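The values are calculated or read from the model by the stated rules, or taken from the named source; none is laboratory data. Source: prediction; values computed, not measured. As a convention, Cβ positions derive from the backbone with ideal geometry for all residues, glycine included, and neighbour counts pool all protein chains shown. All accessible areas refer to the heavy atoms of the entire protein, side chains included, with ligands and DNA or RNA removed. Shrake-Rupley method; radii C 1.70, N 1.55, O 1.52, S 1.80 Å.
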Amino acid sequence: MEITENIFKIVDELGPEKIIYLYEPRSQTKAMVVVDNVSAGPAIGGVRMASDVTINEVRRLARAMTYKNAMAGLPHGGGKSGIIADPKTVNKEVVVRIFARAIKNLAEYIPGPDMGTDESCMAYIYDEISRAVGLPVELGGIPLDEVGATGYGLAVCADVAKDYVPLELEGARLTIEGFGNVGKPAARFFSERGVKLIAASDSKGTIYDPEGLNVEELIRIKDTTGSVINYKNGEVLKTTDLPTISTDIFIPAARPDVITEANSDVLDAKVVIEGANIPISENAEKMLHDRGILVIPDFVANAGGVITASAEYHGGTETQAFDRIKSTISKNTKEILDKVYSEKSYPRETAMIIAKQRVLRAMKYREWM
Ligand code: NAD
């Protein structure tokens, strides 16, 4: 196979600045890093570990981080990395340390946790290269998954979005696809607002009860048995059934591209708040909007994690991080939805124009412009 100049066909006015393939022949560890844009500061973005992670997925996620960090007003650009390995079977410490040594000199990229990696992985990276966010408390970190930073941001987003749908949160039905570090805290923060979780899924299946699931019990079952399907008093369905369940609020919080043009018609919801990154293809988002389903894009709604990571990096506290999540996500959601309804535009397009303008303005301060 040949490496061709075609690689440059994917660049645009923002980036990506660097696409790096990493290969360590002795352990055969394969990984990649995309540094998309660093005009606002060193890129913060997660390290995804999955056997099927691809360079295109990492590139799209890196761009999403550029927009997310710009939208949140953080002094950071966007990047992302992927380690091709099965997190359930590899020795994570060994693989992550090899990865960390390989990116030691890539000072413009600050790794954080993502699917398949956690705060222990960030601690190994920090030990190797003194550069990582999402660290354990013992190393001065704010445990963003434990405190539920991203899930909190999704609920804050709903507090604003409900007035535009319109939707009463008390008694509203909620479905969550992917009951992990985003999905579980989201269930908690929404239930505090009187929202009723009627279905949740993970890679093993979906649990469904139209009368409502007990959130604390479901979290306990997921943590102790590994899957939501072991929850009693609910109907067990397939993983792929979750998006077909009629609901008011749908939160995708698992893999990319779970809703595409091919299956978007099955979704019956009033509002979709994207907890996962790129969970819905751009065309499918437009089709949903045209059907009257409001979709709040990933880089607006799920910025809670990176806001907390940035607070940690700059020496802030958990309380400061939560205050910033609330003020930033409320303000951004309102700004975007005001434009969407007054200008009759799509939410992602509107949000991208705002985020892109911020990145382009930041780029003006850099010498290479
Ligand atoms: P996680 O690994 O903690 O949880 C993912 C959950 O999804 C697991 O329960 C897994 O079983 C389930 N899952 C896997 N494949 C599935 C499928 N096809 N259908 C339904 N469920 C499936 O990951 P996470 O940290 O919760 O991240 C989830 C998504 O949210 C990712 O896209 C991630 O990039 C994004 N995200 C995470 C954060 C964060 O703070 N953790 C912040 C922003 C965005």
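For the range 118-130, how many residues are under 21 Å from the mean Cα position of the chain (by Cα) and either at pLDDT below 95 or open to solvent by 10 Å² or more (accessible area, probe 1.4 Å) (or both)?
The total comes to 4.
Pairs under 8 Å by beta carbon, first residue in contact (Cβ under 8 Å) with a residue 40 or more places away in the chain and over 19 Å from GLY305 (Cβ atoms) in the range 38-56, partner among the basic types (Lys, Arg) and open to solvent by 10 Å² or more (accessible area, probe 1.4 Å), six or more apart or different chains?
Sorted first by the residue in the range 38-56, then by its partner, the pairs are SER39/ARG366.
Inside the range 80-125, can you point out the residues that are within 15 Å of the ligand (Cβ to nearest atom), farther than 17 Å from TYR313 by Cβ and of a type in the set (Asp, Glu)?
Matches in the range 80-125: ASP86, ASP118.
For the range 85-143, give me the residue count where each residue is of a type in the set (Val, Ile, Thr) and part of a strand (DSSP E or B).
The total comes to 1.
Rundown of residues vs (1) within 16 Å of the ligand (Cβ to nearest atom); (2) charged (D, E, K, R), yes/no style:
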site	(1), (2)
THR260	yes, no
LEU267	yes, no
ASN277	yes, no
ASP298	yes, yes
GLY316	no, no
ASP323	no, yes
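Evaluate the range 161-171: report whether one residue or more is open to solvent by 20 Å² or more (accessible area, probe 1.4 Å) and not in a loop (DSSP other than H, G, I, E, B).
Scanning the range 161-171 turns up no residue that is open to solvent by 20 Å² or more (accessible area, probe 1.4 Å) and not in a loop (DSSP other than H, G, I, E, B).
For the range 120-138, does any single residue satisfy the condition of being of a type in the set (Val, Ile, Thr) and more than 30 Å from LEU14 (Cβ to Cβ)?
yes
For THR175, are the conditions met, namely being more than 28 Å from TYR346 (Cα to Cα), open to solvent by less than 20 Å² (accessible area, probe 1.4 Å) and either assigned to a loop (DSSP other than H, G, I, E, B) or in the same structural domain as GLY275 (by TED's automatic domain parsing) (or both)?
no
Would you pick out the residues in the range 224-250 that are under 13 Å from PHE179 (Cα atoms), open to solvent by 30 Å² or more (accessible area, probe 1.4 Å) and touching a residue at least 24 places away in the same chain (Cβ under 8 Å)?
Once the filter is applied, which keeps residues that are under 13 Å from PHE179 (Cα atoms), open to solvent by 30 Å² or more (accessible area, probe 1.4 Å) and touching a residue at least 24 places away in the same chain (Cβ under 8 Å), the range 224-250 yields ILE229, THR239.
Which of the residues belonging to the range 214-239 are within 13 Å of the ligand (Cβ to nearest atom), in contact with a strand residue (DSSP E or B) (Cβ under 8 Å, 6 or more places away or on another chain) and part of a helix (DSSP H, G or I)?
LEU218, LYS222, VAL228, ILE229, THR239
Within 16 Å of the ligand (Cβ to nearest atom), within 14 Å of ILE273 (Cα to Cα), open to solvent by 30 Å² or more (accessible area, probe 1.4 Å) and not in a strand (DSSP E or B) - does that describe any residue in the range 183-200?
yes
Would you please list the contacts, defined by Cβ atoms under 7 Å and residues six or more apart or on different chains, that run from a residue in the range 99-121 that is at positive phi to a residue that is within 16 Å of the ligand (Cβ to nearest atom) and assigned to a loop (DSSP other than H, G, I, E, B)?
GLY116/PRO87
Being of a type in the set (Lys, Arg), out of contact with any Ser or Thr (no Cβ under 8 Å at 6 or more places or on another chain) and not in a helix (DSSP H, G or I) is the filter here; which residues of the range 6-60 pass it?
Across the range 6-60, the qualifying residues are LYS18, ARG26, LYS30.
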